[in-house]
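Laboratory data are not the source of any read-out in this text; all were calculated from the coordinates shown. What you are looking at is a predicted structure, and each value in this text was computed from that prediction instead of being measured. Quick reminder, even Gly has a Cβ in these numbers, built from the backbone with ideal geometry, and neighbours come from all protein chains shown.
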Amino acid sequence: MSYEMMMTRIPTSDSHNTIIRERDLMDLHQQQQRKSFIWDLIKFMRVFMERELDKARAEIKDLKAELNFERNAPKTGRADEQEAGQRKYMQYKRLLKERASEKSEMARMRQELEEERQMHMLEDILREERVQMKLWDARLFLEEKLSKLEESNREGDKERKPKILERECSAPPQLNNKSHQIVRGVKEIIRT
């Protein structure tokens, strides 16, 4: 049985349906806002991290060029050159560490975003399950009410049968189309 068929058979007031629709629309709107925010955050972090990595690469490239230049330049002061080379090497190592820490930060942020996305997916699944449970409860409630209605109709038919037989014998036949259509409609609903 489809969701639309079940919804058409549930006897609720229009105000209740509109409240449910408004809540669903609000949930959908909030979900879209969250997804949009996460997407914008991912774009921003990607651009920011790429820019920082480009800066670090440029600095590393400049340091390598200076280091190569000093290695190839004539050696005048061995101690000064060693000290400068050591400083540049330390700076190079520092930049590499910064780059590695930025990469690990990006990986951590990606992991957090992935976890958030999975949480949103789980939230959507749970929301859908709640809706299905409510629909199932409504269906059971409706079936119970229909069975009570059928039972009361059967009891009413048993009580009215002798009276109807008396009327049929004494008066010309008259059909009550409305009650016949109502009973037929109830039986059709119960069959489905």
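Using a 7 Å offset from the Cα along the Cα-to-Cβ direction at both Arg51 and Ala138, what is the distance between the two label points in nm, to one decimal? About 5.0 nm separates the two model spin labels. Placing unit charges on the Cβ atoms of the charged side chains and taking the dipole of the stretch 29-149 about its Cα centre, the candidate lying farthest along the positive direction among Ile42, Tyr92, Ala65 is Ala65. Computed from the C-beta positions of Ala58 and Met119 and an R0 of 41 Å, the FRET efficiency is 0.60 to the nearest 0.05. Label sites at Leu96 and Arg110, each approximated as a point 7 angstrom past Cα along Cα to Cβ, lie 2.2 nm apart.
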